[in-house]
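The values are calculated or read from the model by the stated rules, or taken from the named source; none is laboratory data. Since the structure is predicted, the reported quantities are computational estimates derived from the model, not experimental observations. Glycine gets a Cβ as well: all are built from the backbone with ideal geometry, and neighbour counts include every protein chain shown. These accessible areas exclude ligands, DNA and RNA; they are computed on the full protein's heavy atoms, side chains included. Shrake-Rupley method; radii C 1.70, N 1.55, O 1.52, S 1.80 Å.
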Amino acid sequence: MYEHLFITPRSVLYNIEPIGTGSEFVESLTSYLARVAFEHNTSVGHLVNKLLIPSMDKDYLHRSRDFGGNRFYEGAKTINGYMENSLSVVKAIEKLTVRDDIHKLTLIRWKNVFPLRELLKKSLAWCPFCIKEWKENNKTVYYPLIWSIDLVHMCHIHSCFLINKCPTCFKQQDILRRQSLVGICQHCLRQLDDGATKEKYGQENKDWQGFVIDNVCSLLNYDGKINTGENSLLVKNLNLICEKVFDGSINEFSKQLNFARSSVVGWIKGKVKPTLENQLYICQRLNIEIEQLLLTTNIQNFHIVKQRKRIINTSSKPKRVDYYIVEKELEKVIQNKENISMEAAAKKVGINKRTLYRKFRHLCVQISNHYKQYLEERKLQRILCLKIQVEATFTNLYMQGIYPSRRKIEFVMNKPGVLKERELQSHWKGLLGKQGLLFERNLGECEDIGDEFQ
Ligand SMILES: [Zn+2]
Ligand SMILES: [Zn+2]
């Protein structure tokens with residue numbers, strides 16, 4: 001009965017408007033996908049399998065979908081970026097919604113301006129207070145693109161940390177999943193703003209984060225073209241800075257700003273681009289804005305600002321405590337399966353153990369459990385080793401016709417008291433039993449003598 005029903009391309013998906021386009025509050029593409037699925041009463045998984053992948057014309061995605069694979073979601077970490085996967089999702093969604101502004105929900109305009117390395121977060125981060133406010137004011141809940149930028153750790157509206165673990169089950173959230181719902185935990189299905197507490201930044205963190213966010217916002221607001229390549233304004237301006245501030249000395253440039261010389265050479269020649277973090281750091285040290293570095297032909301009034309300790313890449317006791325970094329370091333301890341106690345882990349990250357338990361309980365428990373297990377395994381290994389030594393010594397003495405008493409064995413092994421350990425003692429008694437020696441002689445008497453018994 002539906003044979004003659006004709007569906008025009010316009011009706012494939014509702015033409016849902018993305019939030020905040022053209023502003024720093026612009027929505028991210030992954031947030032938009034989750035909202036579109038929700039508005040159609042379906043899941044992200046269904047939307048991706050039935051509509052998106054067929055429109056994307058990518059063989060590997062078809063195959064992955066047909067075999068229940070995860071290729072689309074593995075690539076979802078970078079969908080808000082500018083690589084091929086972002087471009088093809090943008091194209092497909094623009095076709096399905098008949099909109100032409102979906103590319104604005106990604107960093108496609110930043111292609112060739114910043115390397116993708118360390119540009120995007122690997123899991124979701126959000127401001128629970130923004131979400132709470134939107135809900136209270138009956139506004140649509142969404143994830144702004146700015147939250148997905150790795151350097152951004154703070155909500156500039158609420159001056160608090162973005163969080164990246166569900167306040168109820170403490171689990172991280174993937175950027176996109178088959179069952180993603182905006183504002184809801186992917187694991188326990190509780191609200192992501194439930195019971196979150198406000199953790200304020202210290203002043204020093206605030207200065208750097210304030211600078212990062214101001215500049216990232218101005219880039220998100222900027223609508224014009226950014227020229228790239230070897231002759232870009234960025235390369236010209238880096239050369240100008242080298243000339244005017246460091247008297248043309250690349251050595252001085254790298255020394256004063258704490259960069260590797262080879263990196264600076266690559267940047268100046270236009271062979272490689274500094275990461276977003278490094279570009280911002282250069283700007284902060286020279287007292288200029290990122291727009292001046294990327295978009296102006298004649299930077300004025302730049303001068304080097306007194307050195308500040310950078311919060312990124314500091315491994316021990318950062319003065320400005322950046323809990324994002326602390327969290328990453330704790331996660332590294334877990335990933336690398338390091339056999340260290342929580343005490344040692346706390347020393348390593350330079351933060352008090354109690355504070356760590358309060359902030360990252362879930363990670364601390366994992367580290368502590370791993371260490372307990374490691375100690376347990378090491379203990380078993382030691383006992384096994386000693387059992388083998390006891391048995392070898394026992395046999396040796398027995399073969400020489402010497403009674404293998406406790407003291408004699410300990411003496412030969414050069415380990416006084418070792419057979420007092422319950423497990424080793426029962427092993428030794430078992431060996432005596434096997435040889436029929438257990439009741440033949442008075443053990444108390446023989447123990448001290450340990451001489452021939454035949
Ligand atoms: Zn907020
Ligand atoms: Zn949860």
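Odds and ends about this structure:
- Selection from segment 408-433 of residues that are in a helix (DSSP H, G or I) and open to solvent by 30 Å² or more (accessible area, probe 1.4 Å): Lys408, Phe411, Val412, Lys420, Arg422, Glu423, Gln425, Ser426, His427, Lys429, Gly430, Gly433
- Qualifying residues in segment 159-173 (those that are within 11 Å of ligand 1 (Cβ to nearest atom) and touching an Asp or Glu at 6+ places or on another chain (Cβ under 7 Å)) - the one farthest from Leu29 (Cα to Cα): Cys160
- Some residue of segment 226-240 being open to solvent by 30 Å² or more (accessible area, probe 1.4 Å), within 21 Å of Leu119 (Cα to Cα) and free of Cβ contacts under 8 Å to residues at least 40 places away in the same chain: yes
- Entry remark, segment 155-184: residues being hydroxyl-bearing (Ser, Thr, Tyr) and free of Cβ contacts under 8 Å to residues at least 60 places away in the same chain number 2 in total.
- Of the residues in segment 203-212, not one is among the small types (Gly, Ala, Ser), open to solvent by 70 Å² or more (accessible area, probe 1.4 Å), more than 18 Å from Arg109 (Cα to Cα) and part of a helix (DSSP H, G or I).
- Meets criteria (under 24 Å from Ile163 (Cβ atoms) and open to solvent by 90 Å² or more (accessible area, probe 1.4 Å)) for Lys337: no
- Selection status of Leu189, surrounded by 17 or more Cβ atoms within 10 Å (Cβ to Cβ) and over 20 Å from Gln284 (Cα atoms): no
- Residue that is farthest from Leu330 (Cα to Cα) [pool: residues in segment 366-404 that are among the aliphatic types (A, V, I, L, M) and open to solvent by less than 50 Å² (accessible area, probe 1.4 Å)]: Ile402
- Segment 145-158, subset within 26 Å of Trp110 (Cα to Cα) and open to solvent by 10 Å² or more (accessible area, probe 1.4 Å), residue nearest to ligand 1 (Cβ to nearest atom): Ile157
Results for (1) modelled with pLDDT of 80 or more; (2) open to solvent by less than 20 Å² (accessible area, probe 1.4 Å), shown as yes or no for each residue.
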residue	(1), (2)
Glu17	yes, no
Ala34	yes, yes
His46	yes, no
Gly68	no, no
Thr78	yes, no
Val89	yes, yes
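- Residue ID - nearest to ligand 2 (Cβ to nearest atom), chosen from residues in segment 94-116 that are polar (S, T, N, Q) and open to solvent by less than 20 Å² (accessible area, probe 1.4 Å): Thr106
- When each of Leu87, Leu119 is tested for being away from ligand 2 (no atom under 16 Å from the Cβ) and outside the structural domain of Leu29 (by TED's automatic domain parsing), the lone residue that passes is Leu119.
- Some residue of segment 150-164 being within 16 Å of ligand 2 (Cβ to nearest atom), farther than 28 Å from Phe114 by Cβ and in a loop (DSSP other than H, G, I, E, B): no
- The set of residues from segment 130-144 being surrounded by fewer than 16 Cβ atoms within 10 Å (Cβ to Cβ) and under 21 Å from Gln209 (Cβ atoms) comprises just one member, Glu133.
- Within segment 396-407, the set of residues being part of a loop (DSSP other than H, G, I, E, B) and touching a Pro at 6+ places or on another chain (Cβ under 8 Å) is empty.
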